[in-house]
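The values are calculated or read from the model by the stated rules, or taken from the named source; none is laboratory data. It should be emphasised that the depicted structure is a prediction, and the values quoted were computed from it without experimental measurement. Note: ideal-geometry Cβ built from the backbone for every residue, glycine included; neighbour counts use all protein chains shown. These area figures cover heavy atoms from the full protein model, side chains too; ligands, DNA and RNA do not enter into them. Shrake-Rupley method; radii C 1.70, N 1.55, O 1.52, S 1.80 Å.
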Amino acid sequence: MALLERTDALDEIREKVEAGERLDLEDGLTLMESDDVLALGELADRARRLRGGGEEVFFVQNLYLNQTNVCRVKCKFCAFAVTQKQADAYTYSGEQLVEDAVHQHELTAFTEIHMVGGETPHVSFDYYVDIVRQLHEALPDVHLKLFTASEIHHMTKLSGLTHEEVLRTLRDAGLGSLPGGGAEIFADRVRRLIAPGKEHPDYWFHTHDAAHRLGIPTHCTMLYGHVENYEERIDHLLRLREQQDRTGGFLAFIPLAFHPENTVFERRGWRHTTGVDDLKLIAVSRLMLDNIPNIKAYWIMMGMPMAQVALHFGANDVQGTVVREQIFHAAGARTATEQKIPELVRFVREAGRVPVQRDTLYNQLRRW
Ligand code: SF4
């Protein structure tokens, strides 16, 4: 009987999807509470195709850099940040970042640098402007996807400038887009528990809103699988959808599964998310975010085999070659820190889809 009720509820949502109707909070909760995971996957894939998705699965060739691991915020889920006094603290100069990036570019010809870091109070805003300018001058054809909204907010504190002024200055120095980090879960209850030192979510939205209005595209994320409940997950997705309605500048949504190793949550016995939860989250994201074109199955945190399955649950992007990821690996990710293009192509093809190398803005560079 219970199974029949759940099936009926999914049928109602299916009718809305087929009719192109928007799903609401109640629909999102029904989806999250469903344990018919294969039906969710099929429905999400149907939604993706109805909204114009084809056989293509995108990836980008990119390099991950972290300019500093020094951070004042102390989020409880973070295994990456250190204080300035710790032996493994680093803050790279523009010269060091350029030397590293140019060397890596000779090896892999990446088209994007993805760089984020801690909120160090030991630099000035000029430091950020200089590293952007130096990277852009050294590699003018490489797209610079740099700094979370939290880091942009930090720069307003360092400089006394507004979010708009910080973004405009960075854009003029060579910034191309923003990654989506710092979103975590927007609900106040969760924020207080996992990241009490982080700025209010309103600033996250204000930064992305300002970026979109300045013509700087951005990405958005959700860190799930810790203390949040289903309602807080759906609330998070709905807030992103509202922002996208207003400004339309999100290129992609990336769900990020919480990794507990080396955090306080590990000592409390927390474990990694399960495969079913990861797949459900991909499917529900695709269904709820009807105005964000790309949903990423981030293989760094899911592993490639699960990311491959996620391509049938609404995902259409596997992120990229991701040379040298460090943040999730500090928190116990057991995946490789890099995937070579032939491997990505093999995974996508064996999932029955067409691999397409893209640039950051989703222009197609090569199809297989
Ligand atoms: S998640 Fe970011 S802001 Fe929070 S402690 Fe880690 S580096 Fe700092």
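For the reader, a short list of remarks on this structure follows.
- All aspartates and glutamates inside 18 Å of residue 74 as judged from Cα atoms, apart from same-chain residues fewer than 8 positions distant: 88, 119, 151, 184, 188, 199, 261, 266
- Relative contact order (%) - criterion: Cα under 8 Å, at least six apart; region: the stretch 54-367: 22
- Computing Rg and the Kirkwood Rh from the Cα coordinates of the stretch 54-367 gives a ratio, Rg/Rh, of 0.93.
- Area accessible to solvent at residue 161, 1.4 Å probe radius, in Å²: 60
- Separation in nanometres of the label points that stand 7 Å from Cα toward Cβ, at residue 365 and residue 242: 3.7
- Of the peptides 79-90, 114-125, the ranking by mean beta-carbon count within 10 Å, highest at the top, reads 114-125, 79-90.
- The charge dipole of the chain, taken about its Cα centre with unit charges on the Cβ atoms of Lys, Arg (+1), Asp and Glu (-1) only, comes to about 540 debye.
- Solitary cysteines of the chain, where the nearest other Cys Cβ is not under 4.7 Å: 71, 220
- Protection proxy ranking of 222-235, 344-357, by the mean of other Cβ atoms within 10 Å over each peptide's residues and highest first, is 222-235, 344-357.
- On Cα atoms only, tilt of 230-247 relative to the major axis of the chain in degrees: 70
- Over the residues of the chain, the helix contribution to mean residue ellipticity at 222 nm works out to -14000 deg cm²/dmol, using -39500 (n - 2.57) for each DSSP H run of at least 4.
- Each DSSP beta bridge with both residues in the chain is either parallel or antiparallel, and the antiparallel ones are about 10%.
- Over 22 Å apart at the Cα level, from the set 157/296; 76/296; 198/280; 157/198, are 157/296; 76/296; 198/280.
- Ranked by the mean number of other Cβ atoms within 10 Å of their residues, highest first, the peptides 167-178, 284-295 come out as 284-295, 167-178.
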